[in-house]
Amino acid sequence: MIFRNLDPLFSPKSVAVIGATESRDKPGYAILFNIIKSGFAGKVYPVNPGKDEILGLPCYKNLDAIKGEIDLAVIVIPGKLVLDTLERCGKLGVRSAIVISAGFRETGHEGLLAEHAISDIAGRYGMPVLGPNCLGLINTLTPINATFAKDTPPIGKIAFMSQSGALCTSILDIAVAEDVGFSYFVSLGNKADLNEIDFLEAWADLPDANVILAYLEGITDGTRFIEVARRVTKKKPIVAIKAGVTSSGSRAVSSHTGALAGSERAYEAAFKQAGVIRARSMGELFDFAIALARQPLPRNDKVAIITNAGGPGIMATDAIERAGLSLASFSNETMETLKKALPPAASVLNPVDLLGDATTDRYKSALEVVATDPNVGTLIVILTPQFSTQIDDVARAVASATNPSQIPVLACFMGEASVRNAVKILTDYRVPNYVTPERAVDALAVMVHQRLWQEEPALPYEVLDLDTQQVVETFERVRREGRAKIGDAEARTILEAYRIPVPAAKLCKTAEEAVAFADEIGYPVVMKIASPDILHKTDIGGVRLNVRTAVDVRDSFDLITFRATRYMPDAEIWGCLVQQQVHGGREVIIGMNRDPQFGPLVMFGLGGIYVEALKDVTFRIAPFSRQDAMEMMREMRSYNLLRGVRGEARSDLTAIADTLLKVSQLVVDFPDIVELDINPLIVFEEGKGAMGIDMRLVLA
């Protein structure tokens, strides 16, 4: 898709406000007022057929009455009039538009059709359209505030977009109170035309958008979002807060993967693969944003703590370990210098405890020494307001330590009234302050993650030469028979086509056939009911293991088919699958459920009958890299079982990764696969491979 030029939207030279009004309680007044108040230097054209002048500006009866070119039209009129007005904008060569008006998708089917018409108009005229049903946008650099919000944020280097207009106003209020600066502030609304991906692309290379924040309720094109976000996050961080991820609205599914998947799992996997930092709350969104926007990224994960109170220092230490970071080990030179500068009772180890009576000079001495230690990647400075603490002076000392150190410095001035002015000093010098040590460490962990992500090379997806034609033929036959479900007997051909090893097996229609094949491959054998209608065979007693003699084969055949007809009398019974019994190895599961927004969501976890009980599973969106496949294994709580514990052999992790990649390619090659399970996949010890024992899948 061609990159869309949003300059007319963000940096217009002329703006028409269609629906401008003198009524102070209406958005048409607030938008016009905000544009003027923001210091916008271009031409402003209020449009209202009933007025000659609004807010001191000449008012135009309609768009045709405006003689100059219009870069941006802000439309704030009743929803039923929007389409005709937008069409007129296109014909007159208006270069971009914001539709503030509501009354679209949120009202039902007719409103949804109107949104489709907005998209059509935008496409025909090459006119990017923001909205409808949105708050508008702010660019503090142009400057222009084309919203009906109460406030304009301070100038900064954070770009923000939100699907919720009400949330935008709340964030603006917090930004003004906390002095958090933004460069761009966008309310996405219903996303009839422009969506989150367009703004990611627009902000990717802008120097005034160091950090991108997003509040998302849904993603328009999940596959393209991952592709674009992955490219952007290699340059700058994206922090997103995602609402609406519960599974209460999920459809019924028949596979283990479907039962364990859901919107939350899909977004977690998508954000991880794209390098997007997930914020779980509004507090985290701001905490992460100010750290990333105001400080450089750490050169390593080694943290130094300077404090005037032992308790908060210990709290910070605990938080550092929980976050997977580590305390920096000071050099001998650093510790000797600290010993000379600090009182004998002070601790020169990390955390550096300056004691409760710490003066500004004591803080300065410690800051100068610790910040220049080559082992230190980040510095957290903790202050508790005690009787002798010179709080504002310490804040200035912390601020002065930020430039020469060239390492990130985060402050934790604990308290409220006593530290209020000091926090203002820190903010002026772009030092983030957090009210608790844990919040400071959480923000730091995000900074370390971003550095590691940017340094990690983007690995290509492997494309294997596999037998797709055999799969096509299997699917065509199944569809001709009017079926969508494919059980183990047929699914073996799909595994074989994608070079996933399977045990020797044969579909036997009679007990005599079963005995003959068992004699051929050798005992013991496994016997399973073969039916296109029975996917979960163990639920009806349709599987027998360790069948050791011809007599047992005949008995098992009769018992299995009897149980199937008894418990599922309407099922079509083909007979029994007689299969070579596999010895040893460990059971794992690989599955896929097709997410409506992101596509194929591939699962890996502990296999067998315990997968849903233990839920020790991880997910990725296909396609993914070999590195992703290895990370899926490492993310499991039971990963150490695969690595081998207490003398057990190490499982063949390479074979698991190979199988994951083959499944990833299968579900990408065939988008009509909506569910898939290989359960179990038996993984043998290192170097001896893996084997798919049972597979089932469902077609669209």
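May I ask you to list the residues in the stretch 456-472 that are surrounded by 12 or more Cβ atoms within 10 Å (Cβ to Cβ), of a type in the set (D, E, K, R) and either touching a His at 6+ places or on another chain (Cβ under 9 Å) or more than 30 Å from LYS236 (Cβ to Cβ) (or both)? Residue satisfying the conditions is ASP467 alone.
Do we find that GLN390 is surrounded by fewer than 23 Cβ atoms within 10 Å (Cβ to Cβ), in contact (Cβ under 8 Å) with a residue 60 or more places away in the chain and either in contact with a strand residue (DSSP E or B) (Cβ under 7 Å, 6 or more places away or on another chain) or not charged (D, E, K, R) (or both) in this structure? Considered against the rule, which asks whether it is surrounded by fewer than 23 Cβ atoms within 10 Å (Cβ to Cβ), in contact (Cβ under 8 Å) with a residue 60 or more places away in the chain and either in contact with a strand residue (DSSP E or B) (Cβ under 7 Å, 6 or more places away or on another chain) or not charged (D, E, K, R) (or both), GLN390 comes out as no.
Counting only helices (runs of 4 or more DSSP H) that fall entirely inside the stretch 597-700 and contain at least 3 residues that are of a type in the set (S, T, N, Q) and modelled with pLDDT of 90 or more, the qualifying elements are 653-669.
Results for (1) closer than 15 Å to GLY93 by Cα; (2) touching a Lys or Arg at 6+ places or on another chain (Cβ under 8 Å); (3) assigned to a loop (DSSP other than H, G, I, E, B); (4) of a type in the set (Val, Ile, Thr), shown as yes or no for each residue.
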residue	(1), (2), (3), (4)
VAL15	yes, yes, no, yes
ASP25	no, no, yes, no
LEU32	no, no, no, no
ALA41	no, no, yes, no
GLY50	no, no, yes, no
ILE70	yes, yes, yes, yes
ALA73	yes, no, no, no
ILE77	no, no, yes, yes
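Of the helices (runs of 4 or more DSSP H) lying entirely inside the stretch 257-368, the ones with 2 or more residues being under 25 Å from LYS157 (Cβ atoms) and among the aromatic types (Phe, Trp, Tyr) are found at 282-294.
Take the conditions touching a residue at least 60 places away in the same chain (Cβ under 8 Å), surrounded by fewer than 24 Cβ atoms within 10 Å (Cβ to Cβ) and charged (D, E, K, R) and apply them to LYS13. Does it pass? If you could, list the steps in order and put the result at the bottom.
Working: touching a residue at least 60 places away in the same chain (Cβ under 8 Å): no; surrounded by fewer than 24 Cβ atoms within 10 Å (Cβ to Cβ): yes; charged (D, E, K, R): yes.
So LYS13 fails the test.
State all residues of the stretch 393-403 that are over 34 Å from the mean Cα position of the chain (by Cα), modelled with pLDDT under 95 and surrounded by fewer than 24 Cβ atoms within 10 Å (Cβ to Cβ); if no residue qualifies, say none. SER400, the sole residue that qualifies. For the stretch 652-672, filtered to residues that are of a type in the set (S, T, N, Q) and surrounded by fewer than 23 Cβ atoms within 10 Å (Cβ to Cβ), the residue that is nearest to GLU496 (Cα to Cα) is GLN665. Whether a residue is farther than 30 Å from ALA274 by Cα, out of contact with any helix residue (DSSP H, G or I) (no Cβ under 8 Å at 6 or more places or on another chain) and not polar (S, T, N, Q) was assessed, and ASP558 does not pass this test.
Checking the conditions here, which among ALA491, ALA443 is closer than 24 Å to ALA629 by Cα and touching a Leu at 6+ places or on another chain (Cβ under 7 Å)?
Details: ALA443 fails: closer than 24 Å to ALA629 by Cα.
Among ALA491, ALA443, only ALA491 is closer than 24 Å to ALA629 by Cα and touching a Leu at 6+ places or on another chain (Cβ under 7 Å).
LEU86 fulfils the conditions (1) more than 27 Å from LYS150 (Cβ to Cβ); (2) assigned to a loop (DSSP other than H, G, I, E, B); (3) modelled with pLDDT of 95 or more except for a single criterion, (2).
When GLY415, GLY356 are checked against the criterion of being surrounded by fewer than 24 Cβ atoms within 10 Å (Cβ to Cβ) and touching a Pro at 6+ places or on another chain (Cβ under 6 Å), GLY415 stands alone in meeting it.
Condition check ((1) more than 19 Å from VAL76 (Cα to Cα); (2) buried (at least 24 other Cβ atoms within 10 Å of the Cβ); (3) under 23 Å from the mean Cα position of the chain (by Cα)) across all residues:
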residue	(1), (2), (3)
CYS134	no, yes, no
ILE144	no, yes, no
MET161	yes, yes, yes
CYS168	no, yes, yes
ILE174	yes, no, no
VAL180	yes, no, no
LEU188	no, yes, yes
ILE197	yes, no, yes
ASP205	yes, no, yes
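Counting only strands (runs of 3 or more DSSP E) that fall entirely inside the stretch 485-593 and contain at least 1 residues that are of a type in the set (S, T, N, Q), touching a strand residue (DSSP E or B) at 6+ places or on another chain (Cβ under 9 Å) and exposed (fewer than 14 other Cβ atoms within 10 Å of the Cβ), the qualifying elements are 543-547. Among the conditions (1) crowded, with 17+ Cβ neighbours inside 10 Å; (2) in contact with a strand residue (DSSP E or B) (Cβ under 8 Å, 6 or more places away or on another chain); (3) more than 20 Å from LEU327 (Cβ to Cβ); (4) not acidic (Asp, Glu), the only one that ILE425 does not satisfy is (2). Only a single item in (1) more than 20 Å from ASP628 (Cβ to Cβ); (2) touching a helix residue (DSSP H, G or I) at 6+ places or on another chain (Cβ under 8 Å) is not met by GLN450, and it is number (1).
In the stretch 408-419, the residues that are more than 16 Å from THR307 (Cβ to Cβ) reach residues that are in a strand (DSSP E or B) with C-beta atoms within less than 9 angstrom, at least six apart or across chains, in these pairs: PRO408/THR378; PRO408/LEU379. Return the residues of the stretch 523-577 that are of a type in the set (Val, Ile, Thr) and closer than 20 Å to ILE486 by Cα; say none if nothing qualifies. Answer for the stretch 523-577, where residues must be of a type in the set (Val, Ile, Thr) and closer than 20 Å to ILE486 by Cα: VAL526, ILE529, ILE534, THR538, ILE540, VAL543, ILE560, THR561, THR565, ILE573.
The values are calculated or read from the model by the stated rules, or taken from the named source; none is laboratory data. This one's a predicted model, so the numbers in the text were calculated from it and none came from an experiment. Don't worry about glycine lacking a Cβ; one is built from the backbone with ideal geometry, like all the others, and counts go over all protein chains shown.
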